[in-house]
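A quick write-up on the structure given underneath.
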Amino acid sequence: MLRLVSLKLGRLYRYVKLAVLGSLAAALVLNTHSLLASLQRNELSERRFLQLNKCPACWGTSWCRKFLNGQLRLESWGRLRLFDFFNVKNVYFARYGEPREGSRRVVLKRLGSAQELADIDTKICRRATGRGRCDLLQALHATEFASLNGDVRLLTPDAVEGWSDLVHCPSQRLLDRLVRRYAETKDSGSFLLRNLKDSERMQLLITLAFNPEPLVLQVSAPDGTGSARVGPRLLSQVLYSRPRLPQPELWSYFNAPWEKRVDLAWQLMEIAEQLTNNDFEFALYLLDVSFDNFAVGPRDGKVIIVDAENVLVADKRLIRQNKPENWDVWYESKFDDCDKEACLSFSKEILCARVTVDHNYYAICQNLLSRHAMWRGTSGGLLHDPPAEIAKDGRLEALLDECANPKKRYGRFQAAKELREYLAQFSNNVR
């Protein structure tokens, strides 16, 4: 009986497999003409593909000329729309060319999946008309974005608080920096919102409300660098001023040689420290930490953040000025013992009201480095299976455990500091 069932299931599997392959073959035959056409044309120069018809409900246009002039071209399978079904994250490989510099390979991504972008359109329509579908450009004039797009001099906290994680608890200092960086002006003094064009103001407000990732990158960019505004609903992993080579995601290093993994772990702890304590006195808290939110530069080996949508920014100067309850009490994040990937436990209100917070150390240690980290069916974190002498010593395991799930009061703060110093010893051998 069991053998009979097994044989039947085997035949069913083969039939399904043949049916799928047959369907794909039929699709290829039926779409041969369109496939050949898509290979010949440059969709990155087409307004439809760039969704310019939705501007100013888009995310910047400063690179539109480069797109429309054909300076960017999709590569290989990225030119075939048949494979968009598998491209869930809307990531594209392309070539970018400058007359004097030649061409280089770049990575482009839309700031959301196809469904997420459709949801944004629906939200705008519902805010304006109460219906899910509408003329997007007409609807914008009936939303709060249009009401702010008048003679407003400054973008104020009262107007945008809670629109996204970036402005969950905004300060005027943060918003001033945001507007200046969006306008690509020198980061000194104040820049008035009314100095932007109408379309630029609308793009800024839409971005701030629906996906502030490019704004986070601009706000956190060092002084003197460029911006992240590269195209309508497309953001290059350029972070600042110009395209780079495609970066492999951090998870692809999960089984890399020990020395390489130690170096990446040290960099991650350094990122946690720099986001928490910096000269600007803005704490940037990572609310979504997983292996696919980080990448590694193929040439310099540097870890970078490639998904900055869920970042909360707290102004430490404002906290010290307003002195909310317990503002000067060190806050310890609570360990989240769950059996799922990328678990984090946090309170946005507390992150906004304390000067000293261990959230970033907690997020990196628990979700990326320690034995508690889980990713795609694997466990043990980036620092799994250390060399025998390190495992025998036990110090690394103790520091990781205390950083992820501290047993002593304020133990994570001390463990994070010691862990950075400990990893730096081995990282120096790699660099």
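Tabulated values for the structure
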read-out: Alpha-carbon gyration tensor eigenvalues x 5, square-rooted, for the range 250-425, Å; value: 27, 18, 15
read-out: Inter-label distance, nm, simple model (7 Å from Cα along the C-beta direction), Gln414/Leu287; value: 3.2 nm
read-out: FRET efficiency for Ala388 and Ser76, using Cβ-Cβ distance with R0 set to 60 Å, rounded to 0.05; value: 0.85
read-out: Distance in nm between pseudo-label sites at Arg65 and Lys89 (7 Å out along the Cβ direction from Cα); value: 3.2 nm
read-out: Relative contact order of the range 250-425, defined on C-alpha pairs under 8 angstrom at six or more residues apart (%); value: 23 percent
read-out: Highest to lowest packing among 57-63, 118-124, 407-413, 168-174, scored as the average C-beta count within 10 Å; value: 57-63, 168-174, 118-124, 407-413
read-out: Packing-based ranking, highest mean first, of 330-342, 297-309 given that Cβ atoms within 10 Å are counted; value: 297-309, 330-342
read-out: Solvent-accessible area per residue for the range 359-399 (1.4 angstrom probe, square angstrom); value: 43 Å²
read-out: FRET efficiency for Ser347 and Glu273, using Cβ-Cβ distance with R0 set to 30 Å, rounded to 0.05; value: 0.90
read-out: Net lengthening on full extension, Gln172/Glu184 (0.36 nm per residue, minus Cα-Cα); value: 2.5 nm
read-out: Accessible surface of Phe93 - all protein chains present, 1.4 Å probe, nearest 10 Å²; value: 90 Å²
read-out: Added length on full extension, which subtracts the Cα-Cα distance from 0.36 nm per residue, Glu46 to Arg194; value: 50.2 nm
read-out: Entries of Lys316/Lys348; Lys340/Lys417; Lys323/Lys408; Lys348/Lys407; Lys89/Lys197; Lys54/Lys123 with Cα pairs more than 21 Å apart; value: Lys340/Lys417; Lys323/Lys408; Lys348/Lys407; Lys89/Lys197
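The values are calculated or read from the model by the stated rules, or taken from the named source; none is laboratory data. Being a predicted model, the structure only gives us computed values, none of them experimental. Methodologically, a virtual Cβ is constructed for each residue, glycine included, from the backbone with ideal geometry; neighbour enumeration extends over all protein chains shown. These accessible areas exclude ligands, DNA and RNA; they are computed on the full protein's heavy atoms, side chains included. Shrake-Rupley method; radii C 1.70, N 1.55, O 1.52, S 1.80 Å.
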